[in-house]
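Visitor: Here's a structure for you.
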Amino acid sequence: MKTLDTLKMATSAIARNKARSLLTTLGIIIGVASVIAMVHLGQAATVSVTQRISSMGSNLLILQPGTGERGPGGKRSSGKPFQTRDYLALEDELLDAAVAPVAASSQTLVWSGTNYPGSIIGTTETYFEVRNWEVTSGRAIDREDVVESNTVCAVGATVAKEVFAGADPIGELLRVGRTSCQVVGVMAPKGASFGEDLDASIVMPISVVQQRFLGTQDVRQIYISAHDKSAIPSVTRDLTALMRERRGIQRGAQDDFNIRDMQEIAETLEGTTRTLTMLLGAIAAVSLLVGGIGIMNIMLVSVSERTREIGVRLAIGALVRDVLAQFLAEAIALSMFGGLVGVVLGVGATWITTTKMNLPFILTPEVMLVGFGFSVLIGIVFGYVPARKAANLNPIEALRYE
């Protein structure tokens, strides 16, 4: 029998029972759609995590006081805060990195009768380079502002929108707590970082924040950006040695500060999301097996219903391989149909979910091909048993079957 004739007969048999055929493929449809959606969502989450951490800064290290480990009572062990002289020493000693200190405060921002709870970031001009934060209009604070303690500020995108309500902030006087600063720049949207909305903040010279809001020389944390990724280990070693010396930590004693390597955190999170993606994909693939069992079950029923038809075909000269090919073609056609519909639904589910969760929409052809190919393989594997049963029927007994 020609291949085309086999396909026509298989298609005709499927078309005679449209509802049953659709229900048969439902397991395959759900399985393929689930696998494609779960894997793509996992990839989208991985890319989102990478982008968020990359947006924090290139080759970034974060130096903070305290051990960063949980001690008795569930509280992190604290250390004495850094001082202005500490970050100045780091600027002089760390030749392969840029240094940006941060002194923070929360103040009410007031302009033209509008009050807004703002986060104040006191830092130096290198902060914008270290954090990969661009200024879309105006300028950033500079070294002169820090040295002269100029009361100037650059505002985040949310502050510009909520406080100034569409007006051009550049040159305006913004009241910050009990002082005022002249807006010299508007920063590009940055988003959230560790639960903090950076766009709802303003950046001021660290000297102004320390004098006007804190009344101390305390520095909350220091950002260090290595000039090259390969330099991160050496910068970390130098940073550790320098801080131990400056803080008088004896040999063998535990550090009272911690260094967070954002690259390591990114790699850890990427590995975790990949593992979860594989796990979710494997769980979703189970429904493909269930769909395959459904195909085998319906095909066995079909063999029973068409026993006389099979007997007639065998009696008039059809070969065993012809009957085997027909029923196998029916199973493969069902699984292919289910696979195609599953791919479409999986892509649609991915798009809807990533849009709702504000994740990047990612499609990987390899994932869709694997999902579809697996559905075809399911059709071959689970369709073979019914097809073999049909091909091995005794023609005389099949003709007597009622």
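The values are calculated or read from the model by the stated rules, or taken from the named source; none is laboratory data. Note that the coordinates shown come from a computational prediction; the quantities given were computed from them, not determined experimentally. Here Cβ is always computed from backbone atoms with ideal geometry, including for glycine, and neighbour counts include all displayed protein chains. Note: accessible area is taken over every heavy atom of the protein model, side chains too, but ligands, DNA and RNA are not part of it. Shrake-Rupley method; radii C 1.70, N 1.55, O 1.52, S 1.80 Å.
Visitor: Among the listed residues Val341, Val376, Val385, Val381, identify the single one that is assigned to a helix (DSSP H, G or I), open to solvent by 40 Å² or more (accessible area, probe 1.4 Å), within 22 Å of Ala284 (Cβ to Cβ) and at pLDDT below 85.
Guide: Working: Val341 fails: at pLDDT below 85; Val376 fails: open to solvent by 40 Å² or more (accessible area, probe 1.4 Å); Val385 fails: within 22 Å of Ala284 (Cβ to Cβ).
After applying the criteria, what remains is Val381.
Visitor: Of the conditions (1) closer than 26 Å to Thr236 by Cα; (2) surrounded by fewer than 18 Cβ atoms within 10 Å (Cβ to Cβ); (3) of a type in the set (S, T, N, Q), Thr114 satisfies every one except a single condition; which number is it?
Guide: Looking at each condition in turn, Thr114 falls short on (1).
Visitor: What about Ala200, is it closer than 26 Å to Thr50 by Cα and touching a residue at least 12 places away in the same chain (Cβ under 8 Å)?
Guide: Yes.
Visitor: Are any residues in the stretch 344-373 among the aromatic types (Phe, Trp, Tyr) and at pLDDT below 90, and if so, which ones?
Guide: Across the stretch 344-373, the qualifying residues are Phe361, Phe372.
Visitor: Give the residue that is modelled with the lowest pLDDT, with candidates limited to residues of the stretch 87-120 that are of a type outside the set (Phe, Trp, Tyr) and more than 36 Å from the chain's Cα centre (by Cα).
Guide: The residue in question is Gly113.
Visitor: Which one is modelled with the lowest pLDDT among residues in the stretch 46-86 that are in a strand (DSSP E or B) and charged (D, E, K, R)?
Guide: In this case the residue turns out to be Arg70.
Visitor: Would you check if Gly185 is under 30 Å from Gly371 (Cα atoms) and under 33 Å from the mean Cα position of the chain (by Cα)?
Guide: no
Visitor: Out of the residues in the stretch 127-170 that are hydroxyl-bearing (Ser, Thr, Tyr) and on the phi < 0 side of the Ramachandran plot, which is surrounded by the fewest Cβ atoms within 10 Å (Cβ to Cβ)? If you could, list the steps in order and put the result at the bottom.
Guide: In the first step, residues of the stretch 127-170 are kept if they are hydroxyl-bearing (Ser, Thr, Tyr); the result is 127, 136-137, 149, 151, 158.
From what is left, the residues that are on the phi < 0 side of the Ramachandran plot are 127, 136-137, 151, 158.
Details: Tyr127: 23, Thr136: 11, Ser137: 15, Thr151: 18, Thr158: 17.
My answer is Thr136.
Visitor: Same structure again: Suppose the filter is open to solvent by 30 Å² or more (accessible area, probe 1.4 Å), among the charged types (D, E, K, R) and either modelled with pLDDT of 75 or more or in contact with a strand residue (DSSP E or B) (Cβ under 9 Å, 6 or more places away or on another chain) (or both); does Arg308 pass it?
Guide: On the way: open to solvent by 30 Å² or more (accessible area, probe 1.4 Å): yes; among the charged types (D, E, K, R): yes; either modelled with pLDDT of 75 or more or in contact with a strand residue (DSSP E or B) (Cβ under 9 Å, 6 or more places away or on another chain) (or both): no.
Here the answer is no, as Arg308 does not meet what is asked.
Visitor: Can you tell which of Ala241, Ala282, Ala253 is closer than 30 Å to Thr25 by Cα, open to solvent by 40 Å² or more (accessible area, probe 1.4 Å) and small (Gly, Ala, Ser)?
Guide: Details: Ala241 fails: closer than 30 Å to Thr25 by Cα; Ala253 fails: closer than 30 Å to Thr25 by Cα.
Going through Ala241, Ala282, Ala253 in turn, just one is closer than 30 Å to Thr25 by Cα, open to solvent by 40 Å² or more (accessible area, probe 1.4 Å) and small (Gly, Ala, Ser): Ala282.
Visitor: Then there's this: Mind counting the residues in the stretch 94-115 that are part of a strand (DSSP E or B) and in contact (Cβ under 8 Å) with a residue 60 or more places away in the chain?
Guide: 14
Visitor: Please determine whether any residue of the stretch 203-218 is in contact with a Cys (Cβ under 7 Å, 6 or more places away or on another chain), in contact (Cβ under 8 Å) with a residue 12 or more places away in the chain and either under 30 Å from Leu88 (Cα atoms) or open to solvent by 30 Å² or more (accessible area, probe 1.4 Å) (or both). Explain how you work it out, then say what you get.
Guide: Here is the first cut: in the stretch 203-218, the ones in contact with a Cys (Cβ under 7 Å, 6 or more places away or on another chain) are 203-204.
Filter again for in contact (Cβ under 8 Å) with a residue 12 or more places away in the chain, leaving 203-204.
Applying the additional criterion that residues be either under 30 Å from Leu88 (Cα atoms) or open to solvent by 30 Å² or more (accessible area, probe 1.4 Å) (or both) yields 203-204.
Within the stretch 203-218 (the criterion being in contact with a Cys (Cβ under 7 Å, 6 or more places away or on another chain), in contact (Cβ under 8 Å) with a residue 12 or more places away in the chain and either under 30 Å from Leu88 (Cα atoms) or open to solvent by 30 Å² or more (accessible area, probe 1.4 Å) (or both)), the answer is yes, since at least one residue qualifies.
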